[in-house]
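Trainee: After the C-alpha coordinates below, expect a handful of questions from me.
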Amino acid sequence: MHSFWWLLGVLHHVIWVATMLLTVQAMPPPPPIRCDASTGCSLSNSYGVWGDRKDCHVPSAAHPQTEEDLRLAVAFASKNKVKIKVVSKFSHTIPKLACPDMSFGDAMLISTANVNSTIEIDVANLAVTVDAGVGLRQLIDKVEEAGLSLVAAPYWEGVSVGGLISTGAHGSSWWGRGGAVHDHVIDEIFKAAKVSLGLLGIISKVKLRLEAAFKRSITYNFTDDAQIEDIYMEHAKKYEFGDVTWYPSKHTAAYRYDNRVPFTAAGDGTYDFIGFQSNSVVVAKIIRATEKTLDNGRSSVFQCTLASTFLGAKKLVANVGHQGKMQTSGSCLYSTGTDNSCAWDPRINGLFFYETTAIFQASTFADFIKGVKKLRDLKPKNFCGVDIYNGFLIRFIRVSDAYLGQQENSVVVDFNYYRAADAWTPRFNEDVWEEVEQLAFSKHGAKPHWAKNRNAAFLGVKRLLDPQNILSSEWSDEILFGKAGARADGCALEGLCICSEDRHCSPVKGYFCQPGLIYREARVCRYSSSSVESESDKTNLIFD
(Lines give C-alpha, C1' and ligand atoms only; values in the text may rest on other atoms or scores of the structure.)
Protein backbone atom coordinates (compact mmCIF):
# COMPACT_ATOMS: atom_id res chain seq x y z
CA MET A 1 0.00 0.00 0.00
CA HIS A 2 2.78 2.38 0.85
CA SER A 3 4.72 1.86 -2.33
CA PHE A 4 5.30 2.15 -6.07
CA TRP A 5 3.90 5.65 -5.98
CA TRP A 6 6.85 7.49 -7.45
CA LEU A 7 6.04 5.73 -10.72
CA LEU A 8 2.72 7.50 -10.58
CA GLY A 9 4.53 10.82 -10.33
CA VAL A 10 6.77 10.10 -13.30
CA LEU A 11 3.91 9.00 -15.51
CA HIS A 12 1.86 12.01 -14.47
CA HIS A 13 4.51 14.10 -16.21
CA VAL A 14 4.48 11.83 -19.26
CA ILE A 15 0.77 12.31 -19.90
CA TRP A 16 0.41 15.75 -18.31
CA VAL A 17 -0.78 17.43 -21.52
CA ALA A 18 -3.43 14.77 -22.11
CA THR A 19 -4.82 14.91 -18.59
CA MET A 20 -4.93 18.71 -18.59
CA LEU A 21 -7.39 18.48 -21.48
CA LEU A 22 -9.74 16.26 -19.46
CA THR A 23 -12.38 17.33 -16.98
CA VAL A 24 -10.92 15.34 -14.10
CA GLN A 25 -13.21 13.99 -11.41
CA ALA A 26 -12.58 11.20 -8.94
CA MET A 27 -14.59 8.21 -7.84
CA PRO A 28 -14.51 6.83 -4.29
CA PRO A 29 -13.91 3.12 -3.71
CA PRO A 30 -16.94 0.83 -4.08
CA PRO A 31 -18.68 -0.49 -0.95
CA PRO A 32 -17.28 -3.84 0.23
CA ILE A 33 -20.72 -5.47 0.70
CA ARG A 34 -23.16 -5.83 -2.19
CA CYS A 35 -26.51 -7.55 -1.68
CA ASP A 36 -29.19 -8.82 -4.03
CA ALA A 37 -32.62 -10.08 -2.98
CA SER A 38 -32.28 -13.25 -5.03
CA THR A 39 -28.60 -14.18 -4.61
CA GLY A 40 -27.68 -12.85 -1.17
CA CYS A 41 -24.56 -10.79 -0.45
CA SER A 42 -20.96 -10.77 -1.60
CA LEU A 43 -17.97 -9.35 0.21
CA SER A 44 -14.84 -8.04 -1.45
CA ASN A 45 -11.82 -6.14 -0.26
CA SER A 46 -10.73 -2.91 -1.86
CA TYR A 47 -8.39 -4.72 -4.26
CA GLY A 48 -11.23 -6.75 -5.75
CA VAL A 49 -9.72 -10.17 -5.05
CA TRP A 50 -8.84 -12.28 -2.03
CA GLY A 51 -5.63 -14.23 -1.57
CA ASP A 52 -7.24 -17.45 -2.80
CA ARG A 53 -9.06 -15.61 -5.62
CA LYS A 54 -12.32 -17.19 -4.48
CA ASP A 55 -15.43 -15.08 -3.96
CA CYS A 56 -17.00 -14.59 -0.55
CA HIS A 57 -20.77 -15.18 -0.74
CA VAL A 58 -22.93 -14.80 2.37
CA PRO A 59 -26.73 -15.19 2.62
CA SER A 60 -27.36 -11.86 4.38
CA ALA A 61 -25.88 -8.72 5.91
CA ALA A 62 -26.93 -6.45 8.76
CA HIS A 63 -26.26 -2.71 8.73
CA PRO A 64 -26.85 -1.52 12.32
CA GLN A 65 -27.16 2.20 13.01
CA THR A 66 -26.45 2.22 16.75
CA GLU A 67 -24.55 0.28 19.38
CA GLU A 68 -27.82 -1.31 20.50
CA ASP A 69 -28.57 -2.43 16.94
CA LEU A 70 -25.11 -3.98 16.90
CA ARG A 71 -25.78 -5.87 20.14
CA LEU A 72 -29.07 -7.18 18.78
CA ALA A 73 -27.39 -8.45 15.60
CA VAL A 74 -24.78 -10.34 17.61
CA ALA A 75 -27.45 -11.71 19.97
CA PHE A 76 -29.48 -12.97 17.00
CA ALA A 77 -26.44 -14.73 15.57
CA SER A 78 -25.58 -16.32 18.91
CA LYS A 79 -29.13 -17.53 19.53
CA ASN A 80 -29.49 -19.00 16.05
CA LYS A 81 -25.93 -20.31 15.73
CA VAL A 82 -25.25 -18.09 12.71
CA LYS A 83 -21.63 -17.52 11.72
CA ILE A 84 -20.82 -13.80 11.67
CA LYS A 85 -18.03 -11.50 10.59
CA VAL A 86 -17.77 -7.75 11.00
CA VAL A 87 -16.90 -5.51 8.04
CA SER A 88 -16.02 -1.83 8.06
CA LYS A 89 -16.78 0.83 5.47
CA PHE A 90 -13.34 0.44 3.91
CA SER A 91 -12.39 -3.28 3.91
CA HIS A 92 -8.71 -2.92 3.14
CA THR A 93 -7.64 -6.25 4.62
CA ILE A 94 -5.70 -8.35 2.15
CA PRO A 95 -6.24 -11.67 4.00
CA LYS A 96 -9.73 -13.16 3.93
CA LEU A 97 -10.36 -12.66 7.64
CA ALA A 98 -13.71 -10.89 7.11
CA CYS A 99 -15.36 -13.79 5.26
CA PRO A 100 -17.46 -16.00 7.59
CA ASP A 101 -17.32 -19.77 7.53
CA MET A 102 -20.05 -21.16 5.25
CA SER A 103 -19.18 -24.83 5.79
CA PHE A 104 -21.58 -25.36 8.68
CA GLY A 105 -25.01 -23.75 8.65
CA ASP A 106 -25.97 -20.12 8.15
CA ALA A 107 -23.76 -17.03 8.06
CA MET A 108 -24.16 -13.25 8.14
CA LEU A 109 -22.06 -10.13 7.67
CA ILE A 110 -22.38 -7.23 10.11
CA SER A 111 -21.28 -3.86 8.78
CA THR A 112 -20.10 -1.07 11.10
CA ALA A 113 -20.18 1.52 8.31
CA ASN A 114 -23.20 3.29 9.84
CA VAL A 115 -22.13 2.94 13.48
CA ASN A 116 -20.18 6.17 13.29
CA SER A 117 -22.14 8.90 15.05
CA THR A 118 -20.23 9.22 18.34
CA ILE A 119 -16.95 11.05 18.88
CA GLU A 120 -16.91 12.29 22.49
CA ILE A 121 -13.79 14.24 23.42
CA ASP A 122 -12.86 14.64 27.08
CA VAL A 123 -10.44 17.56 26.96
CA ALA A 124 -9.79 17.59 30.70
CA ASN A 125 -8.77 13.93 30.78
CA LEU A 126 -7.11 13.86 27.35
CA ALA A 127 -9.33 11.09 26.00
CA VAL A 128 -11.80 10.38 23.21
CA THR A 129 -14.58 7.79 23.07
CA VAL A 130 -15.50 6.86 19.51
CA ASP A 131 -17.83 4.47 17.70
CA ALA A 132 -16.10 1.55 16.03
CA GLY A 133 -17.36 2.52 12.58
CA VAL A 134 -15.84 6.01 12.62
CA GLY A 135 -13.16 6.51 9.96
CA LEU A 136 -9.64 7.40 11.06
CA ARG A 137 -9.59 10.73 9.22
CA GLN A 138 -12.93 11.74 10.75
CA LEU A 139 -11.54 10.98 14.21
CA ILE A 140 -8.24 12.81 13.68
CA ASP A 141 -9.94 15.96 12.39
CA LYS A 142 -12.33 16.11 15.37
CA VAL A 143 -9.49 15.60 17.83
CA GLU A 144 -7.39 18.34 16.20
CA GLU A 145 -10.35 20.75 16.27
CA ALA A 146 -10.41 20.33 20.04
CA GLY A 147 -6.74 21.35 20.32
CA LEU A 148 -5.50 17.80 20.91
CA SER A 149 -3.63 15.16 18.92
CA LEU A 150 -3.85 11.40 18.44
CA VAL A 151 -0.27 10.17 18.72
CA ALA A 152 -0.31 6.89 16.76
CA ALA A 153 -1.86 6.16 13.38
CA PRO A 154 -1.10 3.98 10.35
CA TYR A 155 0.25 5.68 7.23
CA TRP A 156 -2.96 4.78 5.34
CA GLU A 157 -6.15 6.30 6.74
CA GLY A 158 -8.66 4.06 4.94
CA VAL A 159 -9.53 2.21 8.14
CA SER A 160 -12.24 2.37 10.76
CA VAL A 161 -11.46 2.68 14.45
CA GLY A 162 -12.72 -0.83 15.19
CA GLY A 163 -10.81 -2.23 12.25
CA LEU A 164 -7.48 -0.64 13.11
CA ILE A 165 -7.76 -1.71 16.77
CA SER A 166 -8.63 -5.33 15.97
CA THR A 167 -6.00 -5.77 13.24
CA GLY A 168 -3.14 -3.98 15.00
CA ALA A 169 -2.69 -1.13 12.51
CA HIS A 170 0.36 0.97 13.31
CA GLY A 171 2.65 3.80 12.37
CA SER A 172 6.27 3.92 13.50
CA SER A 173 7.54 4.63 17.02
CA TRP A 174 9.33 3.05 19.95
CA TRP A 175 8.68 6.14 22.08
CA GLY A 176 6.03 6.45 24.77
CA ARG A 177 3.24 3.94 24.17
CA GLY A 178 4.56 3.23 20.70
CA GLY A 179 3.31 3.39 17.13
CA ALA A 180 0.43 0.88 17.31
CA VAL A 181 -2.97 2.47 17.88
CA HIS A 182 -4.29 -0.38 20.05
CA ASP A 183 -1.61 0.42 22.63
CA HIS A 184 -3.24 3.82 23.17
CA VAL A 185 -6.58 2.28 24.21
CA ILE A 186 -7.70 3.33 27.72
CA ASP A 187 -10.68 1.15 28.46
CA GLU A 188 -9.71 -2.43 29.05
CA ILE A 189 -11.11 -4.12 25.97
CA PHE A 190 -9.40 -7.29 27.12
CA LYS A 191 -5.81 -7.66 26.09
CA ALA A 192 -6.79 -10.25 23.51
CA ALA A 193 -9.56 -8.14 21.96
CA LYS A 194 -7.17 -5.31 21.15
CA VAL A 195 -5.70 -7.35 18.30
CA SER A 196 -8.43 -9.93 17.91
CA LEU A 197 -8.94 -9.91 14.12
CA GLY A 198 -12.67 -10.11 14.78
CA LEU A 199 -12.30 -13.57 16.32
CA LEU A 200 -13.55 -12.74 19.83
CA GLY A 201 -16.42 -10.40 19.21
CA ILE A 202 -17.38 -7.09 17.62
CA ILE A 203 -15.94 -3.85 18.98
CA SER A 204 -18.66 -1.20 19.42
CA LYS A 205 -16.79 1.69 21.08
CA VAL A 206 -13.18 2.53 21.78
CA LYS A 207 -11.64 4.97 24.27
CA LEU A 208 -8.23 6.32 23.27
CA ARG A 209 -5.60 8.44 24.96
CA LEU A 210 -4.86 11.86 23.50
CA GLU A 211 -2.17 14.47 24.00
CA ALA A 212 -2.00 18.25 23.70
CA ALA A 213 -1.76 19.27 20.05
CA PHE A 214 1.75 19.19 18.61
CA LYS A 215 3.63 19.59 15.35
CA ARG A 216 6.17 17.39 13.60
CA SER A 217 9.19 18.08 11.45
CA ILE A 218 10.16 15.56 8.74
CA THR A 219 13.32 15.46 6.62
CA TYR A 220 14.95 12.63 4.65
CA ASN A 221 18.57 11.55 4.31
CA PHE A 222 19.43 9.29 1.35
CA THR A 223 22.71 7.47 1.92
CA ASP A 224 24.56 4.19 1.38
CA ASP A 225 22.85 1.13 2.84
CA ALA A 226 26.02 -0.41 4.29
CA GLN A 227 25.14 0.31 7.92
CA ILE A 228 21.41 -0.45 8.14
CA GLU A 229 21.89 -3.54 10.28
CA ASP A 230 24.17 -1.61 12.65
CA ILE A 231 22.22 1.62 13.16
CA TYR A 232 18.49 0.87 12.86
CA MET A 233 18.06 0.62 16.64
CA GLU A 234 19.76 3.96 17.24
CA HIS A 235 17.62 5.52 14.53
CA ALA A 236 14.43 4.27 16.23
CA LYS A 237 15.60 5.56 19.61
CA LYS A 238 16.61 8.99 18.31
CA TYR A 239 13.54 9.86 16.20
CA GLU A 240 10.07 9.51 17.68
CA PHE A 241 8.38 8.76 14.34
CA GLY A 242 11.41 7.77 12.29
CA ASP A 243 11.46 5.05 9.65
CA VAL A 244 13.82 3.76 6.95
CA THR A 245 13.12 3.00 3.29
CA TRP A 246 15.66 0.61 1.80
CA TYR A 247 16.34 0.24 -1.94
CA PRO A 248 18.48 -2.94 -2.16
CA SER A 249 19.27 -2.81 -5.88
CA LYS A 250 20.54 0.77 -5.51
CA HIS A 251 22.47 0.09 -2.27
CA THR A 252 20.60 3.06 -0.84
CA ALA A 253 18.69 3.76 2.37
CA ALA A 254 16.45 6.75 3.06
CA TYR A 255 16.37 7.61 6.75
CA ARG A 256 13.39 9.66 7.87
CA TYR A 257 14.24 12.15 10.60
CA ASP A 258 10.85 12.74 12.20
CA ASN A 259 10.33 14.32 15.63
CA ARG A 260 8.04 16.71 17.43
CA VAL A 261 8.75 20.42 17.33
CA PRO A 262 7.21 23.24 19.43
CA PHE A 263 3.62 24.02 18.53
CA THR A 264 4.77 27.57 17.77
CA ALA A 265 7.21 26.37 15.08
CA ALA A 266 6.58 27.86 11.65
CA GLY A 267 4.96 25.57 9.11
CA ASP A 268 1.57 24.18 8.14
CA GLY A 269 2.58 21.29 5.93
CA THR A 270 0.33 18.42 4.86
CA TYR A 271 1.47 14.87 4.19
CA ASP A 272 -0.67 13.71 1.27
CA PHE A 273 1.20 10.74 -0.13
CA ILE A 274 0.94 10.73 -3.92
CA GLY A 275 -0.03 7.06 -4.06
CA PHE A 276 -2.98 7.67 -1.77
CA GLN A 277 -4.27 10.65 -3.75
CA SER A 278 -6.83 10.33 -6.52
CA ASN A 279 -4.80 9.36 -9.57
CA SER A 280 -5.68 9.48 -13.23
CA VAL A 281 -7.30 6.28 -14.47
CA VAL A 282 -5.18 6.66 -17.60
CA VAL A 283 -1.98 6.75 -15.51
CA ALA A 284 -2.96 3.67 -13.51
CA LYS A 285 -3.69 1.72 -16.70
CA ILE A 286 -0.35 2.74 -18.25
CA ILE A 287 1.50 1.65 -15.12
CA ARG A 288 -0.17 -1.74 -15.12
CA ALA A 289 0.51 -2.29 -18.80
CA THR A 290 4.15 -1.33 -18.28
CA GLU A 291 4.48 -3.71 -15.33
CA LYS A 292 3.01 -6.59 -17.32
CA THR A 293 5.36 -5.98 -20.22
CA LEU A 294 8.40 -5.86 -17.92
CA ASP A 295 7.39 -8.98 -16.03
CA ASN A 296 6.62 -11.01 -19.14
CA GLY A 297 9.88 -9.89 -20.75
CA ARG A 298 11.92 -11.58 -18.00
CA SER A 299 14.57 -8.85 -18.10
CA SER A 300 15.77 -6.64 -15.27
CA VAL A 301 17.40 -4.04 -17.51
CA PHE A 302 14.41 -1.72 -17.92
CA GLN A 303 13.27 -2.37 -14.34
CA CYS A 304 16.65 -1.18 -13.08
CA THR A 305 16.49 1.91 -15.29
CA LEU A 306 13.09 2.73 -13.85
CA ALA A 307 14.30 2.09 -10.30
CA SER A 308 17.09 4.64 -10.81
CA THR A 309 14.66 7.15 -12.29
CA PHE A 310 12.16 6.82 -9.45
CA LEU A 311 14.79 7.05 -6.75
CA GLY A 312 16.23 10.16 -8.38
CA ALA A 313 12.77 11.75 -8.47
CA LYS A 314 12.48 11.76 -4.69
CA LYS A 315 12.92 15.18 -3.12
CA LEU A 316 14.75 15.91 0.10
CA VAL A 317 12.19 18.33 1.45
CA ALA A 318 11.93 19.48 5.06
CA ASN A 319 8.32 19.72 6.20
CA VAL A 320 6.71 21.00 9.39
CA GLY A 321 3.02 20.63 10.11
CA HIS A 322 0.33 19.76 12.62
CA GLN A 323 0.29 16.14 13.75
CA GLY A 324 -3.17 15.57 12.28
CA LYS A 325 -1.93 16.60 8.84
CA MET A 326 1.37 14.72 8.94
CA GLN A 327 0.61 11.29 10.35
CA THR A 328 -1.62 9.65 7.75
CA SER A 329 -3.18 10.18 4.31
CA GLY A 330 -5.67 8.74 1.83
CA SER A 331 -7.47 11.50 -0.04
CA CYS A 332 -8.50 9.16 -2.89
CA LEU A 333 -11.11 7.76 -0.48
CA TYR A 334 -13.30 10.83 -0.37
CA SER A 335 -13.69 12.37 -3.83
CA THR A 336 -16.50 11.78 -6.30
CA GLY A 337 -16.53 11.39 -10.08
CA THR A 338 -15.24 8.95 -12.69
CA ASP A 339 -11.92 10.08 -14.19
CA ASN A 340 -9.70 9.62 -11.12
CA SER A 341 -9.60 6.94 -8.44
CA CYS A 342 -7.38 5.12 -5.99
CA ALA A 343 -4.74 3.58 -8.26
CA TRP A 344 -5.58 0.00 -7.17
CA ASP A 345 -9.35 0.33 -7.72
CA PRO A 346 -10.40 -3.01 -9.29
CA ARG A 347 -12.95 -1.28 -11.53
CA ILE A 348 -10.21 0.35 -13.63
CA ASN A 349 -7.79 -2.58 -14.05
CA GLY A 350 -5.03 -0.51 -12.49
CA LEU A 351 -2.36 -1.59 -9.99
CA PHE A 352 -2.49 -5.17 -8.75
CA PHE A 353 0.14 -6.30 -6.28
CA TYR A 354 1.15 -8.42 -3.32
CA GLU A 355 2.14 -6.91 0.01
CA THR A 356 4.35 -8.84 2.40
CA THR A 357 4.65 -7.65 6.00
CA ALA A 358 7.01 -9.25 8.50
CA ILE A 359 7.25 -8.31 12.19
CA PHE A 360 10.66 -9.07 13.73
CA GLN A 361 11.93 -8.97 17.26
CA ALA A 362 14.34 -6.06 17.18
CA SER A 363 17.21 -8.32 18.19
CA THR A 364 16.79 -10.60 15.14
CA PHE A 365 16.22 -7.98 12.47
CA ALA A 366 19.91 -7.37 11.74
CA ASP A 367 20.38 -11.01 10.73
CA PHE A 368 17.47 -10.73 8.29
CA ILE A 369 19.01 -7.64 6.67
CA LYS A 370 22.35 -9.45 6.35
CA GLY A 371 20.61 -12.40 4.69
CA VAL A 372 18.78 -10.22 2.19
CA LYS A 373 22.04 -8.44 1.37
CA LYS A 374 23.71 -11.79 0.64
CA LEU A 375 20.86 -12.68 -1.69
CA ARG A 376 20.97 -9.24 -3.28
CA ASP A 377 24.72 -9.41 -3.81
CA LEU A 378 24.39 -12.57 -5.92
CA LYS A 379 22.56 -10.50 -8.54
CA PRO A 380 21.51 -6.97 -7.53
CA LYS A 381 19.35 -6.56 -10.64
CA ASN A 382 16.92 -9.13 -9.21
CA PHE A 383 15.87 -6.50 -6.66
CA CYS A 384 15.08 -3.73 -9.15
CA GLY A 385 11.45 -4.85 -9.30
CA VAL A 386 10.84 -4.18 -5.60
CA ASP A 387 12.68 -0.86 -5.81
CA ILE A 388 10.20 0.30 -8.45
CA TYR A 389 7.68 -0.29 -5.67
CA ASN A 390 9.61 1.95 -3.26
CA GLY A 391 11.75 -0.81 -1.79
CA PHE A 392 11.46 -2.07 1.79
CA LEU A 393 9.65 0.18 4.28
CA ILE A 394 11.09 -0.37 7.77
CA ARG A 395 9.05 0.83 10.76
CA PHE A 396 9.20 0.43 14.52
CA ILE A 397 6.54 -0.71 17.01
CA ARG A 398 6.87 -0.94 20.76
CA VAL A 399 6.35 -3.96 23.02
CA SER A 400 2.61 -4.48 23.60
CA ASP A 401 0.42 -5.99 26.33
CA ALA A 402 -2.11 -7.22 23.74
CA TYR A 403 -2.24 -11.03 23.72
CA LEU A 404 -1.48 -11.10 20.00
CA GLY A 405 0.85 -8.12 20.27
CA GLN A 406 4.61 -8.14 19.94
CA GLN A 407 6.49 -9.33 23.03
CA GLU A 408 9.39 -6.89 22.70
CA ASN A 409 10.25 -3.80 20.72
CA SER A 410 9.89 -4.87 17.11
CA VAL A 411 10.75 -3.93 13.55
CA VAL A 412 8.15 -4.19 10.78
CA VAL A 413 9.15 -4.58 7.13
CA ASP A 414 6.69 -4.02 4.27
CA PHE A 415 7.41 -4.59 0.61
CA ASN A 416 5.12 -4.71 -2.42
CA TYR A 417 5.63 -6.51 -5.72
CA TYR A 418 3.85 -7.32 -8.95
CA ARG A 419 0.97 -9.80 -8.95
CA ALA A 420 -0.19 -11.38 -12.19
CA ALA A 421 -3.80 -11.02 -13.27
CA ASP A 422 -3.88 -14.79 -13.84
CA ALA A 423 -3.34 -17.05 -10.83
CA TRP A 424 -1.50 -19.58 -13.02
CA THR A 425 1.08 -17.10 -14.32
CA PRO A 426 4.45 -17.25 -12.53
CA ARG A 427 6.17 -13.98 -11.73
CA PHE A 428 9.59 -12.86 -12.91
CA ASN A 429 12.11 -13.49 -10.10
CA GLU A 430 9.40 -15.28 -8.15
CA ASP A 431 12.01 -17.35 -6.34
CA VAL A 432 13.73 -14.23 -5.00
CA TRP A 433 10.67 -12.96 -3.16
CA GLU A 434 9.73 -16.42 -1.92
CA GLU A 435 13.21 -16.78 -0.47
CA VAL A 436 13.02 -13.34 1.16
CA GLU A 437 9.69 -14.30 2.71
CA GLN A 438 11.04 -17.59 4.02
CA LEU A 439 14.17 -15.88 5.36
CA ALA A 440 11.81 -13.68 7.36
CA PHE A 441 9.21 -16.12 8.57
CA SER A 442 10.97 -19.49 8.66
CA LYS A 443 14.58 -18.68 9.45
CA HIS A 444 14.31 -15.53 11.56
CA GLY A 445 10.98 -16.15 13.25
CA ALA A 446 9.09 -13.06 12.05
CA LYS A 447 5.31 -12.97 12.46
CA PRO A 448 3.74 -12.76 9.00
CA HIS A 449 1.08 -10.38 10.29
CA TRP A 450 -0.88 -9.84 13.48
CA ALA A 451 -2.95 -12.99 12.99
CA LYS A 452 -0.09 -15.48 12.72
CA ASN A 453 1.02 -15.69 16.31
CA ARG A 454 1.59 -18.81 18.36
CA ASN A 455 -1.78 -20.40 19.21
CA ALA A 456 -1.05 -20.93 22.91
CA ALA A 457 -1.64 -17.29 23.87
CA PHE A 458 -5.00 -17.13 22.13
CA LEU A 459 -6.88 -20.42 22.01
CA GLY A 460 -8.04 -20.52 25.64
CA VAL A 461 -9.44 -17.00 25.45
CA LYS A 462 -11.23 -17.74 22.19
CA ARG A 463 -12.93 -20.82 23.64
CA LEU A 464 -14.12 -18.80 26.64
CA LEU A 465 -15.54 -15.84 24.72
CA ASP A 466 -16.79 -17.59 21.59
CA PRO A 467 -17.77 -21.08 22.80
CA GLN A 468 -20.02 -21.72 19.78
CA ASN A 469 -17.26 -20.63 17.40
CA ILE A 470 -19.63 -18.30 15.54
CA LEU A 471 -16.81 -15.84 14.78
CA SER A 472 -14.49 -18.34 13.12
CA SER A 473 -13.89 -18.73 9.40
CA GLU A 474 -12.04 -21.00 7.02
CA TRP A 475 -9.17 -18.50 7.02
CA SER A 476 -8.95 -18.15 10.81
CA ASP A 477 -9.20 -21.91 11.35
CA GLU A 478 -6.27 -22.43 9.00
CA ILE A 479 -4.16 -19.73 10.66
CA LEU A 480 -5.02 -20.34 14.33
CA PHE A 481 -5.75 -24.05 14.39
CA GLY A 482 -3.42 -25.26 11.65
CA LYS A 483 -6.19 -26.67 9.46
CA ALA A 484 -4.26 -26.33 6.22
CA GLY A 485 -6.05 -26.65 2.92
CA ALA A 486 -5.14 -29.11 0.19
CA ARG A 487 -1.80 -28.46 -1.52
CA ALA A 488 -3.05 -28.13 -5.06
CA ASP A 489 -1.13 -27.77 -8.30
CA GLY A 490 0.26 -24.25 -8.57
CA CYS A 491 -0.49 -23.40 -4.93
CA ALA A 492 2.94 -21.79 -4.38
CA LEU A 493 2.46 -19.27 -7.19
CA GLU A 494 0.05 -17.23 -5.05
CA GLY A 495 1.61 -17.99 -1.69
CA LEU A 496 -1.10 -20.47 -0.70
CA CYS A 497 1.64 -22.98 0.13
CA ILE A 498 5.40 -23.37 0.15
CA CYS A 499 6.32 -25.74 -2.62
CA SER A 500 7.54 -29.23 -1.85
CA GLU A 501 6.94 -30.66 -5.33
CA ASP A 502 7.37 -29.22 -8.81
CA ARG A 503 3.62 -29.36 -9.37
CA HIS A 504 3.18 -26.70 -6.67
CA CYS A 505 4.97 -24.32 -9.04
CA SER A 506 4.46 -24.30 -12.80
CA PRO A 507 6.67 -26.89 -14.50
CA VAL A 508 4.79 -26.39 -17.77
CA LYS A 509 6.07 -22.80 -17.82
CA GLY A 510 9.56 -23.72 -16.59
CA TYR A 511 9.17 -23.05 -12.85
CA PHE A 512 10.31 -25.85 -10.56
CA CYS A 513 10.51 -26.28 -6.80
CA GLN A 514 14.14 -25.75 -5.80
CA PRO A 515 16.18 -24.83 -2.68
CA GLY A 516 16.91 -21.23 -1.84
CA LEU A 517 20.18 -19.72 -2.99
CA ILE A 518 21.44 -18.58 0.42
CA TYR A 519 18.85 -20.15 2.71
CA ARG A 520 19.03 -23.74 1.58
CA GLU A 521 16.08 -24.87 3.71
CA ALA A 522 13.82 -22.54 1.69
CA ARG A 523 11.78 -24.04 -1.13
CA VAL A 524 11.01 -21.67 -3.97
CA CYS A 525 9.61 -21.69 -7.49
CA ARG A 526 12.58 -20.92 -9.74
CA TYR A 527 12.69 -20.64 -13.51
CA SER A 528 14.94 -23.30 -15.03
CA SER A 529 15.31 -25.31 -18.19
CA SER A 530 14.62 -28.47 -16.17
CA SER A 531 13.57 -29.60 -12.71
CA VAL A 532 17.22 -30.41 -11.92
CA GLU A 533 19.03 -27.47 -10.38
CA SER A 534 21.20 -25.86 -13.03
CA GLU A 535 24.98 -25.80 -12.75
CA SER A 536 24.98 -21.99 -12.69
CA ASP A 537 22.65 -22.03 -9.68
CA LYS A 538 24.90 -24.51 -7.87
CA THR A 539 28.02 -22.42 -8.35
CA ASN A 540 26.31 -19.25 -7.11
CA LEU A 541 25.07 -20.69 -3.82
CA ILE A 542 25.99 -19.06 -0.54
CA PHE A 543 25.54 -21.45 2.37
CA ASP A 544 24.37 -19.90 5.62
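The values are calculated or read from the model by the stated rules, or taken from the named source; none is laboratory data. All values reported here derive from a predicted model rather than from experimental measurement. Cβ: placed from backbone, ideal geometry, glycine included. Neighbour counts: every protein chain shown. In case anyone asks, the SASA skips ligands and DNA or RNA and just uses the protein heavy atoms, side chains included. Shrake-Rupley method; radii C 1.70, N 1.55, O 1.52, S 1.80 Å.
Trainee: Expressed in nm to one decimal, what extension gain is obtained for the pair Ala213 and Lys509 from 0.36 nm per residue of sequence separation less their Cα-Cα distance?
Mentor: Roughly 100.8 nm would be gained on extension.
Trainee: Percent of accessible area on the stretch 215-455 owned by carbon and sulfur, 1.4 Å probe?
Mentor: Solvent-exposed carbon and sulfur of the stretch 215-455 make up 52 percent of the total.
Trainee: Another question, if that's okay. Mind checking the full-extension length gain between Lys374 and Thr39? Use 0.36 nm per residue of separation minus the Cα-Cα distance, one decimal, nm.
Mentor: 115.3 nm
Trainee: To make sure I understand the rule: partners must be aspartates and glutamates, Cα under 13 Å from the Cα of Lys81, and not fewer than 8 residues away in the same chain. Which ones qualify?
Mentor: Within the straight-line limit of under 13 Å, Lys81 reaches these aspartates and glutamates: Asp101, Asp106, Asp466.
Trainee: Taking a probe of 1.4 Å, how large is the accessible area per residue of the stretch 241-307, in Å²?
Mentor: Per-residue accessible area for the stretch 241-307 comes out at 40 Å².
Trainee: Could you tell me which of the pairs Lys250/Lys379; Lys250/Lys381; Lys96/Lys447; Lys54/Lys85; Lys370/Lys447; Lys207/Lys237 are separated by over 20 angstrom between their Cα atoms in the structure shown?
Mentor: Checking Cα-Cα distances, Lys207/Lys237 exceed 20 Å.
Trainee: Leaving out ligands and nucleic acids, and using a 1.4 Å probe, what accessible area per residue does the stretch 104-177 come to in Å²?
Mentor: Accessible area per residue: 33 Å².
Trainee: Next up: Assuming R0 = 41 Å, can you tell me the calculated FRET efficiency for the pair Ala146 and Thr309, based on Cβ-Cβ distance, to the nearest 0.05?
Mentor: FRET efficiency, Ala146 to Thr309: 0.40.
Trainee: Follow-up question, since we're still on this one. What is the magnitude of the charge dipole of the stretch 119-212 about its Cα centre, with +1 placed on the Cβ of each Lys and Arg, -1 on the Cβ of each Asp and Glu, and no other charges, expressed in debye to the nearest 20?
Mentor: The calculation lands at about 300 debye.
Trainee: Under a plain spin-label model, where a point goes 7 Å from the Cα along Cα-to-Cβ, how far apart in nm are Lys238 and Thr290?
Mentor: My value for the distance between the label points is 3.4 nm.
Trainee: Calculate the translational D of the stretch 346-438 in whole µm² s⁻¹ from Stokes-Einstein, where the hydrodynamic radius comes from the Kirkwood formula applied to all Cα pairs, the temperature is 4 °C and the viscosity 1.567 mPa s.
Mentor: 87 µm²/s
Trainee: While we're looking at this one, here's another question. Would you please give the FRET efficiency between Asp69 and Ser529, computed as 1/(1 + (r/R0)^6) with r the Cβ-Cβ distance and R0 = 56 Å, to the nearest 0.05?
Mentor: The calculated FRET efficiency here is 0.35.
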